[in-house]
1. Among the residues in the range 98-108, are any surrounded by 17 or more Cβ atoms within 10 Å (Cβ to Cβ), of a type in the set (Phe, Trp, Tyr) and not in a helix (DSSP H, G or I)?
2. Can you name every residue in the range 151-174 that is part of a helix (DSSP H, G or I) and within 13 Å of the chain's Cα centre (by Cα)?
3. Of the residues VAL289, VAL282, which is open to solvent by less than 10 Å² (accessible area, probe 1.4 Å), touching a residue at least 60 places away in the same chain (Cβ under 8 Å) and touching a Gly at 6+ places or on another chain (Cβ under 8 Å)?
4. What residue, among those in the range 159-174 that are touching a helix residue (DSSP H, G or I) at 6+ places or on another chain (Cβ under 9 Å) and open to solvent by 60 Å² or more (accessible area, probe 1.4 Å), is farthest from LEU328 (Cα to Cα)?
5. Within the range 350-391, how many residues turn out to be open to solvent by less than 80 Å² (accessible area, probe 1.4 Å), in a helix (DSSP H, G or I) and within 19 Å of VAL100 (Cβ to Cβ)?
6. Only residues that are closer than 28 Å to ALA76 by Cα and of a type in the set (S, T, N, Q): list them for the range 345-403, please.
7. Would you confirm, using the coordinates I've provided, whether ALA98 is within 14 Å of VAL368 (Cβ to Cβ) and touching a Gly at 6+ places or on another chain (Cβ under 7 Å)?
Amino acid sequence: MLLIGLSNPEKFVFDEVHYVPAARQMLEPVMPQPMLNPMHPPLAKELIAMSIAAFGDNALGWRYGATLFGALAIVAVYLCGLALFSTQGPAIAAALIALVNQMVFVQSRVAMLDIFALAFGLLAPAAFMHGFRRQRPHALFALAGALFGLAAACKWSGLFPLGVCIVIVAVIRLLQYWRTSFADARAGDWYRPELWPDFRAHHVALCFVVLPAVTYLSTFVPLYGLSPSDLIAAQRRIFADNTTTAIAGHAYMSSWPSWPWLARPVWFLFDKIADDRIAAIVFLGNPLVLWPALIAVAVVLRDFIVTRRWDAFLILSFYFGPYLAWALLPRTLGFIYYYLPAATMASLALVYVLRRGRLPAWLLWAYVAVAAAGFAVMLPISAAFVGTSMQTFNRLMIFQSWI
């Protein structure tokens, strides 16, 4: 599904103009100077370069890697669902909702960095979630740490879910140090005094500091070798570029409070291809998924507060952590696709609510069908190969802020 019409258009879409030339540089026998796009870590661009080497310097070669990692992101949602819900049905439903959310679909078909960071940034929480309830989570937490390093090596926003894990482990260890316990302890509590009895401080440092750092820095070696000064200079440059406030405005910029409401999409492509026919790619998000998801997140929050459920706790942590981290940054330039990790995690909140209590099992699948219908309606503005009329495009642009 993600591969259909991938080569359309056969020209750069949105920020491909930055990342594809940077990937091309990496295929040169000697790295040309100046290095293009030094403001982001190299892994995603290295993966785009590998795709170009395999499929050619054309639209398919530019985008195939993104499509592959978009598929891995959907698999990661499925793995998260298995960890949280323990059965395949809800896990499959969560993956399908993530797919028809429109965001993953669109981002999987352009050669940008975000989908690579998303795939690693979802596989890592999946490993963490599978280890969370185990007495010996060491191997799974180590796997999560290595994957977090790879996520950060695609884009520094990949550090946000790693920060979530560190905070979770720190809070649990602090409560254990204080000998905290719930008077009415339950099997489903997110915190238990006996959790991870053999997971020591040096294990925490190894899994969530050393392994992420090693995997992150290893992706710079093909470009900079083992020169400490070059590696440090590269990090300083990335830090300066990602924290600066001296960036001009952008036509599609939006602030983080507006992202869950889908207030301002990004037009990746808008081309006239014939009389009254256009090819459009609008990064927006499926309103039939993301607006109900806000209600679902509120219900999950209620359950975490009232019943202390561990699955509700993890869903909230990995939804709010990568989202609200943007509120702490001094950077003023933001786009709705920064909401992609949280929006993808929201599919787990929807499944949590739709299988809650005594709700009939068919309701979850009925909702998946409704969400898929919304995705189908939006397909003309999600995939350039479909094409649409100006009349249909204007009908889909419901709000003035979407134009």
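1. Step one: list which residues in the range 98-108 are surrounded by 17 or more Cβ atoms within 10 Å (Cβ to Cβ), which gives 98-108.
Subsequent filtering for residues that are of a type in the set (Phe, Trp, Tyr) retains 105.
Applying the additional criterion that residues be not in a helix (DSSP H, G or I) yields none.
No, that holds for no residue.
2. First pass over the range 151-174, keeping only residues part of a helix (DSSP H, G or I): 151-154, 156-174.
Selection gives ALA151, ALA152, CYS154, TRP156, SER157, GLY158, LEU159, PHE160, PRO161, LEU162.
3. On the way: VAL282 fails: touching a Gly at 6+ places or on another chain (Cβ under 8 Å).
The match here is VAL289.
4. The initial filter retains those residues of the range 159-174 that are touching a helix residue (DSSP H, G or I) at 6+ places or on another chain (Cβ under 9 Å), namely 159-170, 173.
Still in the list and also open to solvent by 60 Å² or more (accessible area, probe 1.4 Å): 159, 166-167, 173.
On the way: LEU159: 13, ILE166: 17, VAL167: 16, ARG173: 25 Å.
Looking at the filtered set, the residue picked out is ARG173.
5. Here the count works out to 22.
6. SER347, SER382
7. Values: within 14 Å of VAL368 (Cβ to Cβ): yes; touching a Gly at 6+ places or on another chain (Cβ under 7 Å): no.
In short, no.
Each row is one residue, and each column tells you yes or no for (1) touching a helix residue (DSSP H, G or I) at 6+ places or on another chain (Cβ under 9 Å); (2) at pLDDT below 90; (3) buried (at least 23 other Cβ atoms within 10 Å of the Cβ).
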position: TYR319; (1), (2), (3): yes, no, yes
position: LEU333; (1), (2), (3): no, yes, no
position: LEU348; (1), (2), (3): yes, no, yes
position: ILE398; (1), (2), (3): yes, yes, no
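The values are calculated or read from the model by the stated rules, or taken from the named source; none is laboratory data. Quick caveat, the model's predicted, so the values are computed rather than measured. All Cβ positions, even for glycine, are placed from backbone atoms using ideal geometry, and neighbour counts span all protein chains on display. To get the accessible areas, we keep the full protein, side chains included, count just its heavy atoms, and leave off ligands, DNA and RNA. Shrake-Rupley method; radii C 1.70, N 1.55, O 1.52, S 1.80 Å.
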